[in-house]
Amino acid sequence: LGTIKKRLENGCYHSLEEFEADVNLTFDNAMLYNPAGSVVYNMADEMKSKFQDDYRKLIRGLNAEEDEKRKNGDACALCGSEKMNFEP
C-alpha cells in the first residue's frame, strides 16, 4: 500500500480503474502468498471486500454527480467534463 500511496502523491494514476487494479492486486498478492486462515490472509480478504464496497459507492456517487451536472447544463452532455463556453 506504500507504493500506491506514493503513486497517488506523484500523480501517477491516470484513471480510477488503474488505482482500483493496483489496490486489488495488493490484496490478491497478500492472499496468494499467505496461507488461508492466517492473520495476513484474513486481513487482506477483509480489507479487499471493504475497499470494493467503498469503491462501488464512490463510483455510484461520482456517476450521480456527473448525471446531475449534465441535467443542469453544467457539464458537457457528451463527455461529462466542465462545460466551457466559447466567446470570441
The lone exception for Ser38 - which of (1) open to solvent by 80 Å² or more (accessible area, probe 1.4 Å); (2) over 17 Å from Glu17 (Cβ atoms); (3) not acidic (Asp, Glu) it fails: (1)
Could you check, for the stretch 69-81, whether at least one of its residues is at pLDDT below 95, open to solvent by 80 Å² or more (accessible area, probe 1.4 Å) and touching a helix residue (DSSP H, G or I) at 6+ places or on another chain (Cβ under 9 Å)? yes
Give me a count of the residues in the stretch 9-20 that are in a helix (DSSP H, G or I), surrounded by 13 or more Cβ atoms within 10 Å (Cβ to Cβ) and either in contact with an Asp or Glu (Cβ under 8 Å, 6 or more places away or on another chain) or not charged (D, E, K, R) (or both). 1
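The values are calculated or read from the model by the stated rules, or taken from the named source; none is laboratory data. Remember, it's a predicted structure, so these values are computed and weren't measured experimentally. A quick note on method: Cβ atoms are made from the backbone with ideal geometry, for glycine too, and the neighbour counts reach across all protein chains shown. These area figures cover heavy atoms from the full protein model, side chains too; ligands, DNA and RNA do not enter into them. Shrake-Rupley method; radii C 1.70, N 1.55, O 1.52, S 1.80 Å.
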